[in-house]
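Note sheet for the following structure.
The values are calculated or read from the model by the stated rules, or taken from the named source; none is laboratory data. What you see is a predicted model; the values in this text were computed from it and never measured. Heads up, the Cβs are rebuilt from the backbone with ideal geometry, glycines too, and the neighbour counts pull from every protein chain shown.
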Amino acid sequence: MRAGPLTARPAPIRGPALRRPPRPDLDAIAGQVDRLAALAAAGASTAAAFRYLAAAETGDTARLAEAAAQAARDAVPLAPVFAEAEPVWRRVGATVALAVDTGAPLAPVLRAAAVGARASVQLQRAVAESVAGPAASARLVLLLPPACLLLGWGFGFDVPGVLLGDPLGLVLLAVGLALLLAARAWSVRLVRAASAMSWTVGLRLELVATAVRAGLPVQRARRLADAAAEDCGLQVPAGPELEDVVRFAAEAGLPVVALLDAEADRLRRAALAEARLRATVLAARLLLPLGLLVLPAFLLLGAVPIGLAVLRSSHLTF
């Protein structure tokens, strides 16, 4: 069993580069969850639904679905099957495992899980798209100093000779490269912070709603929901939203399940608005490393070496 805060994978940006690593096909995964929901609505059992999905898919999805079908057939806990899967599958696995353990009706639970999974995928994609523009601009500006150096060399100035064949040039090269590396690290850190988005937004409310659908009281549903998330490798932070919804439902005499689903959707919309605001602020914050570090690097690696090369070509000493 593995627990820990989980964020979007592969967003936020992982690794030292501003370039994103290959991403799993999140929309395809959301579509596969929709298929599971359709199978359950048609009357398929948990084992049968995952078995049909395994037969229709390939690769990691087929292996995951086959393992889930085998666990359901053997009546063993489902949650550990999803503990190492993609984050969106962990969401779905926690919901399905909780439904199986509590006896909640599978079809509405899977429909709710499909809605939550697709909303989470859309949230991750929207955040990635919002951050993509500023990140691309940062990559472009980081290329300007070496591009200027190559341009000067292309025009016939002995820029490599200045940078590599003279003590002053070596100092310029070392300081310029250090500034560029620092600017890159700073930019990566800013992009990471802006693109961070948890896969567990609204999940706790969805899990509690799943257990309540099985007829359990809210307090027990909360404990089972937290345990199901932990067994799937997720740690869902406890917030005041659940207590607020339960209190409002009790005072107004309303069904708590519909209110929990609506509040989960509101949390996702609020997270999306906050993430887009961070992406907007990112464009301004990236000016700090670009202005404080890249501009001096541009001078040290581009303008100054070209100027020294011009002086050298004019047979002047320096």
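A few comments on the model shown:
- Restricting the range 172-199 to residues that are buried (at least 22 other Cβ atoms within 10 Å of the Cβ) and not hydrophobic (A, V, I, L, M, F, W, C), the residue that is farthest from the chain's Cα centre (by Cα) is 176.
- Of the residues making up the range 72-86, one or more are among the hydrophobic types (A, V, I, L, M, F, W, C), modelled with pLDDT of 85 or more, more than 30 Å from residue 273 (Cβ to Cβ) and crowded, with 18+ Cβ neighbours inside 10 Å.
- Odd one out for residue 268, checked against (1) over 19 Å from the mean Cα position of the chain (by Cα); (2) surrounded by 14 or more Cβ atoms within 10 Å (Cβ to Cβ); (3) under 30 Å from residue 78 (Cα atoms): (1)
- Taking helices (runs of 4 or more DSSP H) as the structural unit, those lying wholly within the range 224-318 and holding at least 3 residues that are more than 29 Å from residue 202 (Cα to Cα) and in contact with an Asp or Glu (Cβ under 9 Å, 6 or more places away or on another chain) correspond to 304-313.
- Enumeration of residues in the range 103-118 that are under 29 Å from the mean Cα position of the chain (by Cα), surrounded by fewer than 21 Cβ atoms within 10 Å (Cβ to Cβ) and of a type outside the set (Lys, Arg): 107, 108, 115
- Pair list, Cβ < 6 Å and 6+ apart or interchain, from the range 200-215 residues that are closer than 14 Å to residue 246 by Cβ to residues that are in a loop (DSSP other than H, G, I, E, B): 204/236
- Note on the range 124-142: residues that are within 29 Å of residue 200 (Cβ to Cβ) and surrounded by 19 or more Cβ atoms within 10 Å (Cβ to Cβ) amount to 8.
- Within the range 52-71, the residues that satisfy the criterion of being surrounded by 20 or more Cβ atoms within 10 Å (Cβ to Cβ) and of a type outside the set (Val, Ile, Thr) are 53, 64, 65, 68, 69, 71.
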